[in-house]
Every structure is written in structure tokens, then in C-alpha cells.
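Here is the structure we will look at.
The values are calculated or read from the model by the stated rules, or taken from the named source; none is laboratory data. Computed from a prediction, not measured in an experiment: that's the story for all the values here. Positions of Cβ are generated from backbone atoms using ideal geometry, with glycine treated the same way; all protein chains shown enter the neighbour counts.
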Amino acid sequence: MKQFIDLEDIPNVNELIKEAICLKKESLEYQYLGKNKTLGLLFFNSSLRTRLSTQKAAQLLGMETMILNINSDSWGLEFEDGTVMNAKTAEHVKEAAAVISQYVDIMAIRAFPTLNDKEKDEKEQVIRSFQQYATVPIVNMESATAHPLQALADAITITEQKQKPRPKVVLSWAPHPRALPHAVPNSFAKMMQLLDVDFVITHPKGYELNPEITKDTPIEYDQEKALVDADFVYVKNWSSYINYGEIECTDEKWMMTSEKLGEAKFMHCLPVRRNVIVSDEVLDSEQSLVIEQANNRTFSAQVILKNILESL
Amino acid sequence: MKQFIDLEDIPNVNELIKEAICLKKESLEYQYLGKNKTLGLLFFNSSLRTRLSTQKAAQLLGMETMILNINSDSWGLEFEDGTVMNAKTAEHVKEAAAVISQYVDIMAIRAFPTLNDKEKDEKEQVIRSFQQYATVPIVNMESATAHPLQALADAITITEQKQKPRPKVVLSWAPHPRALPHAVPNSFAKMMQLLDVDFVITHPKGYELNPEITKDTPIEYDQEKALVDADFVYVKNWSSYINYGEIECTDEKWMMTSEKLGEAKFMHCLPVRRNVIVSDEVLDSEQSLVIEQANNRTFSAQVILKNILESL
Amino acid sequence: MKQFIDLEDIPNVNELIKEAICLKKESLEYQYLGKNKTLGLLFFNSSLRTRLSTQKAAQLLGMETMILNINSDSWGLEFEDGTVMNAKTAEHVKEAAAVISQYVDIMAIRAFPTLNDKEKDEKEQVIRSFQQYATVPIVNMESATAHPLQALADAITITEQKQKPRPKVVLSWAPHPRALPHAVPNSFAKMMQLLDVDFVITHPKGYELNPEITKDTPIEYDQEKALVDADFVYVKNWSSYINYGEIECTDEKWMMTSEKLGEAKFMHCLPVRRNVIVSDEVLDSEQSLVIEQANNRTFSAQVILKNILESL
């Protein structure tokens, strides 16, 4: 693997999931791979799981890590070409990416969307600019429209937990007080299209995700119908894609409850707002897989870093 | 040792102090203990000595370290049960503690008190919640009401420096422009009750510490009287406990001076405001032990981490 | 080498440059030197290259690193002697420097100038106070008036790239929207005086640097004349030294362009504002050495740390 910008960079998803599940049992076996290699972690935004699990994965592989919180530690970065940089930004990504490439062997980047400039977000300006100007492999730690490390962890979790060859997986929208990105539902939807699952998306009208991503995935506006016979229910809020970044609905009846969940397993990428996205009862039950999903973030990051290290 | 929330977690204080003093001479002898183990350091508040000495202690034991500045790097955490999380906090400690436990082998936490909600502070909501929901040992790097790593460093310092079998130790209040927590004086008082010392507390009326902590320690309101024949004088400001978090007195005459100190050794946990808490003359004299106290923070943290690593 | 506060700490610059160029080819050969040694990096200001390249250099030498962002992680520091510390600052550098010295083997510090208090800046209060009260070697990661690690990286770059025994080097002022320090041009000027180069400084009238630093370096107010037959053109903004910290000129005609540059190599310490300091055309051309200068920051820091480690 030469980079990990999005799921398309994975040559064979099922093989990679198998490899991750093996790695989980022998997580220290590849420490030689990262010896004298450095992972740079660049954060334009907050992070808990991604920050810690990606560091942990690098350490398990014997790598050094260096963290840069771009906004607080460093300079405002410019991404537009040809600008006269006489305002806020002090350094162009052309220089930043080329320079950092000389200090690290792999560069992992987190950069959330603006949620008000759809075109810029869809161009994935931040991570694509780093990719263009860096001379080392880039790993996506959540970009404007994709969170492939999360989707890979989710796929590992479903693979480990499924009780039947082709489980039914439902992605169910939930209300949230703030406008949230599409990165997690986008990548989850793309990943489900790659697995042998029966996949349905349910959300209120107006919350359709980018149709180029959902493709022919069935969309069911009636949550109750969608949840029938579900094996895994992935709950997540996102803001409107059509009225880009807007909150169209905060209807509490979309919150996940034990009654609605039935016998299915509950999934969420975390952080999760209790009793807004999902009831305490669900999260505190044995049906919740959220802690195991977070655990698999380590092995999702480790399998990606391992494959990139092997290609260096 | 299974955790280090407070001094009660130490089975035998005198043995532990001896072990720490030995460790100081052979600080690299136990690097095998921490191999492939990770210490997570979570900061809700600022830190200099604690941050660096605890990292240093982990590195001396061969551990990896990962640091999370909760407020700037991550999400606002919720600690109340049953809340509808539709306001500021984005993640519940239930998830955060369980998730981080999967990335680290030991979790160290710093979380200061509110100083306006006595009940919440006394419940030690932050560190106790992490303890409840974490699946790895917790180390207290200063909580709302206790700073046991500091008290252990102080006890090591007194043990190393004492010139007589049972020295007289005075904890003397000093003025300060801002309201400060009770964690340091609380833990120091508890520690002194465990050592073979003659211990007195002196402060203006109204500055009584929690009587459940000071127990039968003599309180002397006349600083001059309290200081007679002192061997060690530990100076520290704290806000009122009775009128919780208030500043009752800023009387400069409580500042420690060379004249008042006499032949005694001067102690303070740092940071210290010069010429407010204590005169330059005292701090710059050979009687000041503050730098050595800070040095012993490394070995206080190392002996605790060593004992926890041995129990894993 | 016992410390690296400024270029005067280098016993023989040409030897050190040679050593750095060798180190670049065998950067992992000295990992034994830093084993069980710790570099503390203290930042009073933002940093990208310096932060990452100095960490990288330490890791190449087998050192552990600990980073402290003074303003966000820790307490406000006091540098004045004899102050009654009843206002903003919570800890005196006397304690901070002595304490941190106990946790690290070498202490690297970045502290920019005030640009409004010339006397304080010229006294180099921050780094000189740390030097005075620390008990471990200090490394300057850019202080109020000097950036010697940058100047060393620049000298390495010129030495590697020069096509003739005695190249002509021009330091050319450029406009900038904010008032910038003199540290980089100061150190570059001092370094050029130590190398076998034909060195000229060009800037608008009123932008004369400290004459105690420029000494008998020719100053040419006509940029075009200065640039004739140049082999290396180092472009940099700085604020007025005479009217300390003021912006006297923002004349765009001082921006570096391909036409003005001719056949010379372009140098800048980065971050650089495109189309303000220099045109895109220059930066994106093969004549630009800025990325290689940044690469040499690693080896400039490594050769300094190596020499200090050898002296411990």
C-alpha cells in the first residue's frame, strides 16, 4: 500500500480485515518494520481515539511518533494557489508538506470539513494538497468527506461479531445539537458496499448523503421498517448534504432505544452524546459494540501502517 | 499496587519511601518492566513538574508515553449520569475511560477542583469516574482534594534530609492572590500522620482544612509559636475550606522569611510566588529544599509506576 | 560543546559544517550517544520546522524527548529579580530552570522577542535566564536576537551547493504585513562573516540591522546593484531595528522575483509568504533551496546535540 487517503487505496478489503484480525493477536510481532521510522501526526482538529490509537499502532510497530497540532503549535496554512499571502496564513502547504516529508516517513492528517463550502470540502483540499506536495505516504485520520480508518475498524468489528454469513446492517441517522460532517457515514456506506452484508440506510427526508457515495444502497425513510431483522445498527448524526451543512431535523424520535434496537448489535464511532443519539440503556447494554469498535481503531491503524511500511 | 488514587493505596509508606530512595540510585535497573507498556497522561489542567517528572519516570522504566490535553486536544467530557447530552459536552467519561483503557496500560490523570462546588470536589468526580469506568490502573497526578505523588516526594525528601529520628514538621499557610486548591496541604497532612514526625499546622483562623483529614493534628493560629524548634517548614497557600474556595486573608505577615524560618529547612511543592509566599532570601538559601522536592517527583512517580507494573 | 546559545559556542564552524555533512550520510550511527538521555523542548512560541527537526535529530541520536508548550501546558514564568509575584506570573525562571534540569539532559528553548522592549530583547532575558539557572546545557531554538540552528543549516546548505570557492551571498530584505524579529538575519549575517563568502546586505534605508552584528558587512540600499553576480540570495523580512519593531516600508518592489534573482539560488528560512516575500515562480523553480535548507535543520540540530552529548 502506497498511501491511505480513502478506501480505494485498499487492494483487497477482505484480505486486509483478515490481516488486521491476525495482527490483533500478535500486535508486537512487527516491531522491526518501524525501527528508525517516524510517523508524523498532523491535527487540524480535536481527536481522542484517532490520536491515541494511531500513536499506539505506530508504537506497536516500533515507530517513533511526532505530533503537530497545526493551529496551536504552528502557523496558519495557506491552500490556495497563486494567493498573495498578506493576510492570516503564514505558510503555504507546498512548503509545509515538502518540509515535513523530510522529517517523517509517513504523515497522518486529520482535517475536518468547513461544512459551509461544499466545493472546497468535496475537493478534499487539505489532505489532497498534502498528498500532492508531500514526498512520503499520507494516511487519512479523517478528512472533509472520509474517515476510512474508522470504516476499517467498523468492518473488522462486524467481521468479528457477525453470527451469520450475510448479516443485515442498518445505518440510522440520529439527531444532534450541532452540525456534523459526513465523513463517518460516507466511509461506512462505502465499506458496507464492499462487504457481504445486506445494507440499508435510514434517515429523515432531506438527509440523503451524496448519491455518488450511497449509489444503489436502499434508502428507507421509515426507521422502524429499516430496522426489521437488523443484525447491526450503526447510528450516526450528519448534517444535510443537500442544504449543505444545515440541521434540518432534531426530531428526538430518531434517537436509538432498546425497544427499536431489538436483538441487533449497536454501533457508533464515538464520541457519542448519550440520550440524544442513543439512550443510556442501549450504550450500557451488552449489545453495544462501541468500546470494541474503538479498540479496533488500533488494529485498523496498525494494519494500514504495516502495509505502508512494507512498501517503503 | 493496583492503583494510586490516594495515599491509602500504599500498603506500607515507610517501605515505599525506602524503595524510592534505592530506585534513585539505580533508576535504569527496571527498564524491562515497562517494555511494550504505555502510560497515558491525561491533563485537564496545566502542569510542569508533574507532566515532565511522570513522563521521565515512565521513560526510566522503559515505558512509552502518550499525552492527552483533554481541553485543547479532545472533546469536553460529561461526568453526570443520565444526562441528556445536548449541550457542551460531547463524550461521556464512561466511553472515554473504557476506550482509553484499550490504548494504555496505566492511566495518569490531573484534574483540579472547581473550588465552587464542594460536594462535587469532595466526591472527586473526575478521577473517581475514570477509576470506575477504566479497566487499567489509575494514577492520581493531582485531583480535586489530593496530590499523593507530591506528598510521597515530600516524604522522600524529609526522610533523606532529616537530622534526627523524629523531626518537627510545620505546615504553614501563606497568602496568595488567587484561590488555590486543598490538594497539596491535604495530602501533606495525611502523609505526615503516617511518618514518625512531630507535625503542627499553622494558619489564620478560618483556614482550617477538612477536619476529616487533619484529624488530631494540632492547629496553632500563632505562626511564631508553631515555628519554634521546627526542622522542616512546609509553606503553602490554600483557599478557605469552610467558606469553600474563598480568600479570607491576604495578610503579608504570613509570608515566610529567613527570620521566621530560623534554622529549619524550607519546603514548597512549586510553583511558588516569590515575595508573596516566601521571600527571595529563603528560596535562594541553602535551607530551601524545593529543587530537591521537585527532583524527588521523578522517583515518587517511578516507585508508584514500578509497583503498578509489577502487579499487572 | 557545552551549550549552544549562539554561534560563538561553535569552536570551529568549518569543521562543524563538515561534520554535519558527514552525519547526514550516517544519521543513525550515533544512536548509542543519546541512549537513556532526554532532550526537553520548551516552546514559548509557535514552531513547525524547529519543533519537528529538533525532535527528529534527538530521535536519530537515540534520545527521548519531552515537549513543554509553556503558555498552554504550564504556568506563566517570571524573569525579573526581586519581584513581588502577586500578579500574572506563577513561577520564577529560577525554579523552573533548576527543576526542569533535573528531568532532562539537554534543554532546548524557543522564545521570540517582545519587539517593543529593545533592552529586554537584547539582554536575551528568557534564554539567558534559563542558561543562568539551569544545570544542563541549553540549546537555542530561536531567541529574541538569534537563530543559530537556522544559520548553521543555511551554512550547511551553501557549503553543499556552492559552485565556486568564494560565492557571492546577498541578504535581501523583503516586505511583510507583520513586524518580524531580527533573529534570522542577525544569525545569518554573523554566520556569513565566518564563511569564505563575499557577503552583502541590501534593504531600504531605515532597516539597518544592529551594527554590532553587521560590523563591516557592506550595506547596499539599491537592491538591483546588490544582486549583481549573486550566487545565493537569502531573502527575509525584518522590522526596523532603529525604530525598534516598527514597519517602515511595505514597498512591493522589494519582493524577490525570477527577473531580479537571475541565475542565483534562492534561500529563505520558512515559513514564507508567497507573492509577498517572493514570487511563486521563484519558489517553485529549481533555484529555490528552501526545502533543502529545512532538511538541513535536522542535521544542524543533530550535529549540535551530538557535540553536546559527547561533552556530557
Residues of the stretch A:130-178 classified as more than 18 Å from the chain's Cα centre (by Cα), part of a loop (DSSP other than H, G, I, E, B) and farther than 22 Å from A:LEU42 by Cα, total = 10
In this structure, is B:PHE44 within 16 Å of B:GLN131 (Cβ to Cβ) and of a type in the set (Phe, Trp, Tyr)?
-> yes
Considering every residue within the stretch B:178-186, establish whether at least one is at negative phi, in the same structural domain as B:LEU305 (by TED's automatic domain parsing) and in contact with a Pro (Cβ under 8 Å, 6 or more places away or on another chain).
-> no
If you take the residues in the stretch C:24-50 that are under 24 Å from C:LEU115 (Cβ atoms), facing chain A (nearest Cβ under 9 Å) and in contact (Cβ under 8 Å) with a residue 24 or more places away in the chain, which one is surrounded by the most Cβ atoms within 10 Å (Cβ to Cβ)?
-> C:ARG49
Output yes when any residue across the stretch B:8-16 is closer than 27 Å to A:LEU60 by Cα, surrounded by fewer than 22 Cβ atoms within 10 Å (Cβ to Cβ) and more than 7 Å from every other protein chain (Cβ to nearest Cβ), and no when none is.
-> no
Residues of the stretch C:265-283 that turn out to be within 12 Å of another protein chain (Cβ to nearest Cβ) and touching a Ser or Thr at 6+ places or on another chain (Cβ under 6 Å), as a count = 2
Matching residues, the stretch A:99-115, being buried (at least 22 other Cβ atoms within 10 Å of the Cβ) and facing chain C (nearest Cβ under 10 Å) = A:VAL99, A:ILE100, A:SER101, A:TYR103, A:VAL104
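Among the residues of the stretch A:53-74, which ones are within 12 Å of chain C (Cβ to nearest Cβ), free of Cβ contacts under 8 Å to residues at least 40 places away in the same chain and not hydroxyl-bearing (Ser, Thr, Tyr)? Break it down into steps so the answer makes sense when it comes.
As a first pass, look at the stretch A:53-74 and keep what is within 12 Å of chain C (Cβ to nearest Cβ): A:63-74.
Now restrict to residues that are free of Cβ contacts under 8 Å to residues at least 40 places away in the same chain: A:64-74.
Selection gives A:GLU64, A:MET66, A:ILE67, A:LEU68, A:ASN69, A:ILE70, A:ASN71, A:ASP73.
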Within the stretch A:284-294, track down each residue that is facing another protein chain (nearest Cβ under 10 Å) and touching a residue at least 60 places away in the same chain (Cβ under 8 Å).
-> A:GLU292, A:GLN293, A:ALA294
Listing of helices (runs of 4 or more DSSP H) fully contained in the stretch A:45-113 that carry 2 or more residues being aliphatic (A, V, I, L, M) = A:49-60, A:93-101
Pick from the stretch C:142-183, criterion within 23 Å of C:LYS205 (Cβ to Cβ) and within 14 Å of chain A (Cβ to nearest Cβ), ranking: surrounded by the most Cβ atoms within 10 Å (Cβ to Cβ) = C:PRO181
Those residues of the stretch C:75-91 which are among the aliphatic types (A, V, I, L, M), within 7 Å of chain B (Cβ to nearest Cβ) and buried (at least 17 other Cβ atoms within 10 Å of the Cβ) amount to C:MET85, C:ALA90
Output for the stretch B:179-202, where each listed residue is in contact (Cβ under 8 Å) with a residue 40 or more places away in the chain and assigned to a loop (DSSP other than H, G, I, E, B) | B:ALA179, B:LEU180, B:PRO181, B:HIS182, B:LEU195
Would you point out the residue of the stretch C:66-122, among those that are of a type in the set (Phe, Trp, Tyr) and in contact with a strand residue (DSSP E or B) (Cβ under 9 Å, 6 or more places away or on another chain), that is farthest from C:PHE4 (Cα to Cα)?
-> C:TRP75
Going through the stretch B:209-261 in order, the residues found to be without any contact (Cβ under 8 Å) to a residue 12 or more places away in the chain and among the β-branched types (Val, Ile, Thr) are B:VAL228
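Within the bounds of the stretch C:30-44, is there any residue that is of a type in the set (Phe, Trp, Tyr), in a strand (DSSP E or B) and either modelled with pLDDT of 95 or more or under 24 Å from C:ALA98 (Cα atoms) (or both)?
From the stretch C:30-44, those of a type in the set (Phe, Trp, Tyr) are C:30, C:32, C:43-44; that's our starting set.
Add one more test, that the residue is in a strand (DSSP E or B), and what stays is C:43.
Filter again for either modelled with pLDDT of 95 or more or under 24 Å from C:ALA98 (Cα atoms) (or both), leaving C:43.
There is at least one residue in the stretch C:30-44 that is of a type in the set (Phe, Trp, Tyr), in a strand (DSSP E or B) and either modelled with pLDDT of 95 or more or under 24 Å from C:ALA98 (Cα atoms) (or both).
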Considering the stretch B:116-139 alone, what residues qualify as being surrounded by 19 or more Cβ atoms within 10 Å (Cβ to Cβ) and either more than 14 Å from chain A (Cβ to nearest Cβ) or not aliphatic (A, V, I, L, M) (or both)?
-> B:ASP121, B:GLU124, B:GLN125, B:VAL126, B:ILE127, B:SER129, B:PHE130, B:PRO137, B:ILE138, B:VAL139
So which residues in the stretch A:79-93 are more than 14 Å from C:ILE277 (Cβ to Cβ) and of a type outside the set (Gly, Ala, Ser)?
-> A:PHE79, A:GLU80, A:ASP81, A:LYS88, A:VAL93
Criterion violated by B:SER239 - all others in (1) within 21 Å of B:GLN150 (Cβ to Cβ); (2) assigned to a loop (DSSP other than H, G, I, E, B); (3) within 14 Å of another protein chain (Cβ to nearest Cβ); (4) polar (S, T, N, Q) satisfied | (3)
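Residue-wise test of (1) modelled with pLDDT of 95 or more; (2) more than 16 Å from A:TYR207 (Cβ to Cβ); (3) under 22 Å from the mean Cα position of the chain (by Cα).
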{"position": "A:TYR241", "(1), (2), (3)": "yes, no, yes"}
{"position": "A:GLU248", "(1), (2), (3)": "no, no, no"}
{"position": "A:LYS260", "(1), (2), (3)": "yes, yes, no"}
{"position": "A:CYS269", "(1), (2), (3)": "yes, yes, yes"}
{"position": "A:LEU283", "(1), (2), (3)": "yes, yes, yes"}
{"position": "A:GLN302", "(1), (2), (3)": "yes, yes, yes"}
{"position": "A:ASN307", "(1), (2), (3)": "yes, yes, yes"}
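Yes/no matrix, rows are residues, columns are (1) surrounded by fewer than 17 Cβ atoms within 10 Å (Cβ to Cβ); (2) in the same structural domain as C:LEU60 (by TED's automatic domain parsing); (3) closer than 27 Å to A:ILE70 by Cβ; (4) charged (D, E, K, R):
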site: C:THR214; (1), (2), (3), (4): no, no, no, no
site: C:PRO218; (1), (2), (3), (4): yes, no, no, no
site: C:ASP231; (1), (2), (3), (4): no, no, no, yes
site: C:TRP238; (1), (2), (3), (4): no, no, yes, no
site: C:TYR244; (1), (2), (3), (4): no, no, no, no
site: C:ASP251; (1), (2), (3), (4): yes, no, no, yes
site: C:ILE277; (1), (2), (3), (4): no, no, yes, no
site: C:GLN302; (1), (2), (3), (4): no, yes, yes, no
site: C:ASN307; (1), (2), (3), (4): no, yes, no, no
Restrict the check to the stretch A:66-73 and report whether at least one residue is modelled with pLDDT under 95 and touching a Phe, Trp or Tyr at 6+ places or on another chain (Cβ under 6 Å).
-> yes
Filter result for C:ALA111 (out of contact with any Asp or Glu (no Cβ under 7 Å at 6 or more places or on another chain), assigned by TED's automatic domain parsing to the domain that holds C:SER53 and among the aliphatic types (A, V, I, L, M)) | yes
